[in-house]
1. In the list Ala130, Ala168, which residue meets the criterion of being more than 14 Å from the chain's Cα centre (by Cα), surrounded by 14 or more Cβ atoms within 10 Å (Cβ to Cβ) and either in contact (Cβ under 8 Å) with a residue 24 or more places away in the chain or in a loop (DSSP other than H, G, I, E, B) (or both)?
2. Criterion first (within 19 Å of Asp174 (Cβ to Cβ) and either modelled with pLDDT of 95 or more or in a strand (DSSP E or B) (or both)) does Arg78 satisfy it?
3. Within the stretch 172-190, work out how many residues are part of a loop (DSSP other than H, G, I, E, B) and touching a residue at least 60 places away in the same chain (Cβ under 8 Å).
4. Go through (1) in a helix (DSSP H, G or I); (2) closer than 16 Å to Cys169 by Cβ; (3) not small (Gly, Ala, Ser) for Leu54 and report which single condition fails.
5. Inspect the stretch 134-144 for any residue being charged (D, E, K, R) and either at pLDDT below 95 or within 19 Å of Arg80 (Cβ to Cβ) (or both) and give the result as yes or no.
6. Quick check on the stretch 160-173. Is at least one of its residues more than 18 Å from Ala83 (Cα to Cα) and modelled with pLDDT of 95 or more?
7. Which condition number does Ala212 fail, the rest of (1) of a type outside the set (S, T, N, Q); (2) touching a Leu at 6+ places or on another chain (Cβ under 8 Å); (3) surrounded by fewer than 17 Cβ atoms within 10 Å (Cβ to Cβ) being met?
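The values are calculated or read from the model by the stated rules, or taken from the named source; none is laboratory data. Everything numeric in this text was worked out from a predicted model, so none of it was measured. Here the Cβ positions follow ideal geometry from the backbone for every residue, glycine too, while neighbour counts run over all protein chains shown.
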Amino acid sequence: MSTHDYTRFLQQQWPRQQPLVAAYTLGGERVWLKRAGPRHGMWRYRLLGAAARLLGLPVLQPVPNRGGREAIRTELVRLRSLAAQGLRVPEVLAACDDAFLMRDLGAPGQATPSLGDEIEAAAPAGPAAALALWRLGLQTLDAVHGRGQCLSQAFARNMVRCPDGQIACIDFEDDPSSAMPLHLCQLRDALAYVHSTALALLQAGAQHDARAAWDDWLARPQRGADFHAALDLTLSRLAWLRHLPQDRRWGRDAQRLHAAYDLLVS
């Protein structure tokens, strides 16, 4: 299909589409149409910002996602910028003020699971399988950060394994670099990734080896003094997390936070 075909489909379809994101098949290929949603209120971001300042944790400063056309505009800029740096993200096929069309990251008949799902599914197989997958996420962060970039929501669910085995990143409705310095954006990426995977690593019996992989990742030259200083400050201010109960009765959120802190503090 030509650029004109994609543009015509987008213009015809987005006003009719009810969900914010939907998949279609065009000319034998799978595409996704994402349209603007309602504008988001700012009061939650103000509350989170006040809490971050009170705790003295600048890395937890919220990154506003205002929704609506602004979220579409932000995501388009980020997708195109990251793609121009040679990073694997969905390809934008057509765009307008209210929506855009992107190519699916998979291939016909082949799944594109999230890295988060794969790590959780690998946990029963033991530490080696889970750790090998977890390292792919660290390598992805290295590739992004090494180009002077950051992600938006660097949770493992937003890292997708493509059919060729490479990792692509999705979900760019906000731009952390608009709210904080680059070293904090990149620390935010690392903390989000660890938080989203630490419990699965613990359940796989891989946490000890993951600490060693984390220490190796931290020791690489591209992590500068500002990054390390911000990490040390964050961990010192969050030392209370080690006292969170690990009992399931307190919920998985408490378990995830406790597991993440244990992994980070080797």
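1. Ala130
2. Yes.
3. Count: 6.
4. If we test Leu54 against (1) in a helix (DSSP H, G or I); (2) closer than 16 Å to Cys169 by Cβ; (3) not small (Gly, Ala, Ser), just (2) comes out false.
5. Scanning the stretch 134-144, I find no residue that is charged (D, E, K, R) and either at pLDDT below 95 or within 19 Å of Arg80 (Cβ to Cβ) (or both), so the answer is no.
6. Checked against the condition, which is being more than 18 Å from Ala83 (Cα to Cα) and modelled with pLDDT of 95 or more, the stretch 160-173 yields no hits at all.
7. (2)
The rows are residues; the columns are (1) surrounded by 11 or more Cβ atoms within 10 Å (Cβ to Cβ); (2) in contact with a Leu (Cβ under 8 Å, 6 or more places away or on another chain); (3) at pLDDT below 95.
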{"position": "Asp189", "(1), (2), (3)": "yes, yes, no"}
{"position": "Tyr193", "(1), (2), (3)": "yes, yes, no"}
{"position": "His208", "(1), (2), (3)": "yes, no, yes"}
{"position": "Gly224", "(1), (2), (3)": "yes, no, yes"}
{"position": "Thr234", "(1), (2), (3)": "yes, yes, yes"}
{"position": "Arg242", "(1), (2), (3)": "yes, no, yes"}
{"position": "Arg248", "(1), (2), (3)": "no, no, yes"}
{"position": "Leu257", "(1), (2), (3)": "yes, yes, yes"}
